[in-house]
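Visitor: Supplied in structure tokens, the structure appears directly below.
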Amino acid sequence: MRAMLPLTSFLLGLSILACSQQQPQNLPTEQPAQTPVAGRFPETFEAGSKTAYAEGDEQLSSGTWHFTDALIGSAPADHKNGTHAARLRGQGRLRMNFDAPATVRTIRISAASYGTDGASTWEVWASQDGGRLFSRLGQPVRTSGAQLVTATFPVAATRPFRLEIRKTDGGSARLNLDDIALETTAGSAPAAVTPAPAQNRPQADAVVVSRDDNMALGNPSGATGSLDNPTNYLMVKPQYTLSYNALRGTPTWVSWHLNRAWMGSAPRQDDFRPDPALPRQFYQVTPRSYSGGGFDRGHNCPSADRTTDLDDNSATFLMTNMIPQAGNNNQRTWSKLEEYARSLVQRGNEVYIIMGSYGKGGTGTAGFATTLDNGHVTVPARVWKVLVVLPEGADDLTRISNGKARIIAVDTPNDQSVNPDWSRYRVSVDAIENATGLDLLSKVPTIVQERLESQVDMGTTR
């Protein structure tokens, strides 16, 4: 991690007058879309050819953008200026992989409902630290109808920034976006700029923790995004990364980073739902898949670990993040372990976490079961978690290799008789790897892994 401006300065630097309810005159406004003026940014999507919703990068005329549950549409039902427009579904996102200069003062984005779909809600977010921490610009926009309408956002950035456009309603309606224009004070379109080297950036008086790579410790199973790999399918989300086993209907592992940058005041959303990013070839697990089975829809990445904003919290309720978990395991033993991890963060630490499950057959309130939903969801026999705890700081892998980290590994039975005291189930990382076949700290040098993974944590649990 690297030093950044204090959080208050960051938020002020990215402040949009439209965000303040005390200044309603600067809220994002809607007006009939106009033909783009020559010399403006704008991103028209005419150069793109991404025709599938699968997550990935796409080279456009303005630079490379990252698409999540989004594509570039050219169908008659896509409302557009020209022949192409972006189309988002579910909670789709578009994110710039490059920075725009701090001289930008206005953002204009045209939007319409796809075809005859209903209304969609979307937001614009911006980051001044290369895409680590985002802050929302202005207020959410509600778009409906077939006519492209332009939403305008004033900007007061103090450093180069990049945008992320988020469809936030998660409904079945699809959204078209077109003609993204970035205007400077003079009304001209800026050229994209790359981030300045870290050593050339102004150093802050205080270090503010940032959102680090959720898979910084490695890919435990060598998961890939290939449809030919249904039992080890890699899914990368802003909030966490996972390997999904479509034959079990659960993740093999979920990996995420936890520090103060991920913790805020967003309320629990409880919007359990199918994952729209799951390939259509895979069986889609729904909240109903767990009905009557006697097991909780147990989070891997917990809701309370993602409370910076509503989108982050909502993402933890996707069914690809769930396992059938015995109620006493989920609500007592596991809950206490999750609370302990967050208490470590409150004491000035950051934590890298990997969680998963293995085996077949657990005992819930309705008794023993091996599967749910007519065999589509496997009930695991064991539930495990590995926590790598570090004081807040930089160059985390090096610090882990130098022995600065505490490694906590826990492996519990998935049944109602499990003890509430999670510390009774501490094991070595080696033990979990032997049971699962995973390589849990694969980015750590092998010689260091051998030393760290053989140990059983005996540290404090309060």
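The values are calculated or read from the model by the stated rules, or taken from the named source; none is laboratory data. Since the structure is predicted, the reported quantities are computational estimates derived from the model, not experimental observations. Methodologically, a virtual Cβ is constructed for each residue, glycine included, from the backbone with ideal geometry; neighbour enumeration extends over all protein chains shown. For accessibility, only protein heavy atoms count, side chains too; no ligands or nucleic acids. Shrake-Rupley method; radii C 1.70, N 1.55, O 1.52, S 1.80 Å.
Visitor: Taking θ as phi - 60°, what are the ³J(HN,Hα) couplings along region 69-86 by the Karplus curve (6.51, -1.76, 1.60), each to the nearest whole Hz, with x for Gly and Pro?
Guide: Rounded to whole hertz, the list is 6, 8, 8, 10, x, 9, 6, x, 7, 7, 7, 7, 9, x, 10, 9, 8, 6.
Visitor: Let me ask something else about it. If you take the square roots of the eigenvalues of the alpha-carbon gyration tensor of region 335-462 and sort them as a ≥ b ≥ c, do you get rounded (a/c under 1.5), prolate (a/b over b/c) or oblate?
Guide: Prolate shape, in that a/c is at least 1.5 and a/b is the bigger ratio.
Visitor: Where the only charges are on Cβ atoms (+1 Lys, Arg; -1 Asp, Glu), what is the dipole of the chain about its Cα centre, to the nearest 20 debye?
Guide: Computed about the Cα centre, the dipole is about 480 debye.
Visitor: A follow-up question, please. Please list, in order along region 308-325, the HN-Hα scalar couplings obtained from phi with the Karplus expression 6.51 cos²θ - 1.76 cosθ + 1.60 (θ = phi - 60°), rounded to whole Hz, x for Gly and Pro.
Guide: So the Karplus estimates, Gly and Pro as x, are 5, 8, 5, 4, 4, 5, 4, 4, 6, 9, 5, 5, 6, 9, 10, 9, x, 10 Hz.
Visitor: Here is a further query. Quick check: the distance between the Cα centres of region 140-159 and region 80-109, to the nearest angstrom?
Guide: Region 140-159 and region 80-109 have Cα centres separated by 10 Å.
Visitor: Continuing with the same structure: Could you give me D for region 273-359, from Stokes-Einstein at 20 °C and 1.002 mPa s, where the hydrodynamic radius is the Kirkwood radius over C-alpha pairs? Units µm² s⁻¹, please.
Guide: Result for D is 149 µm²/s.
Visitor: Which value, in Å², gives the accessible area per residue of the chain when a 1.4 Å probe is used on the protein heavy atoms?
Guide: Normalised by residue count, the accessible surface of the chain is 40 Å².
Visitor: Still on this structure, please answer the following. Taking the alpha-carbon distance from residue 80 and a cut-off under 14 Å, which aspartates and glutamates remain once sequence neighbours fewer than 8 residues away in the same chain are dropped?
Guide: 43, 46, 178, 179
Visitor: For a test of the definition: using alpha carbon positions, the gyration tensor, and the 1.5 limit on a/c, classify region 316-381 as rounded, prolate or oblate.
Guide: prolate
Visitor: Suppose R0 equals 56 Å; then what is the FRET efficiency for residue 146 and residue 216 from their Cβ-Cβ distance, rounded to the nearest 0.05?
Guide: 0.80
Visitor: Ok, one more. With a 1.4 Å probe and every protein chain left in place, tell me how much accessible area residue 67 has, in Å² to the nearest 10.
Guide: Residue 67 has an accessible surface of roughly 0 Å² with all protein chains in place.
Visitor: Okay, next question. Per 5 Å bin, what is the whole-percent P(r) computed from every C-alpha pair distance within region 279-415?
Guide: 2, 9, 18, 19, 18, 14, 10, 6, 4, 1
Visitor: Straight-line reach from residue 237: which lysines fall under 17 Å, measuring Cα to Cα and dropping same-chain residues less than 8 apart?
Guide: Leaving aside lysines fewer than 8 places away in the same chain, those within reach of residue 237 are 167.
Visitor: In 20 Å bins starting at 0, how do the alpha-carbon pair distances of the chain split up by percent?
Guide: Over the chain, the share of Cα pairs per 20 Å bin runs 24, 53, 22, 1 percent.
Visitor: For labels at residue 376 and residue 268 in the simple 7 Å Cα→Cβ model, what's the distance in nm?
Guide: Using points 7 Å along Cα→Cβ, the separation is 2.6 nm.
Visitor: On C-alpha positions alone, give me the angle between the axis of helix 335-346 and the longest principal axis of the chain, in degrees, nearest 10.
Guide: Roughly 60 degrees, rounded to the nearest 10.
Visitor: Under the rule of at least 5 residues apart or a separate chain, name every residue whose amide H is placed under 5 Å from the amide H of residue 97.
Guide: 64, 65, 66
Visitor: Roughly how many whole Å is it from the C-alpha centroid of region 226-297 to that of region 392-462?
Guide: So the two Cα centres are separated by 23 Å.
Visitor: Hey, another quick one. Taking only DSSP H segments of four or more residues, each worth -39500 (n - 2.57), what value at 222 nm results for the chain once the sum is divided by all its residues, to the nearest 500 deg cm²/dmol?
Guide: Helices in the chain give a 222 nm mean residue ellipticity of -2500 deg cm²/dmol.
Visitor: Using Cα-only point scatterers and the Debye equation, what is log10 of I(q)/I(0) for region 102-191 at each q in 0.23 Å⁻¹, rounded to two decimals?
Guide: The calculated log intensity ratios at q = 0.23 Å⁻¹ are -1.13.
Visitor: Could you calculate the FRET efficiency of residue 368 with residue 460 from 1/(1 + (r/R0)^6), where r is the beta carbon distance between them and R0 is 35 Å, rounded to 0.05?
Guide: Rounded to the nearest 0.05, the efficiency is 0.50.
Visitor: Could you order 299, 84 by accessible surface area, starting with the largest, using a probe radius of 1.4 Å?
Guide: If we order 299, 84 from most to least accessible, we get 84, 299.
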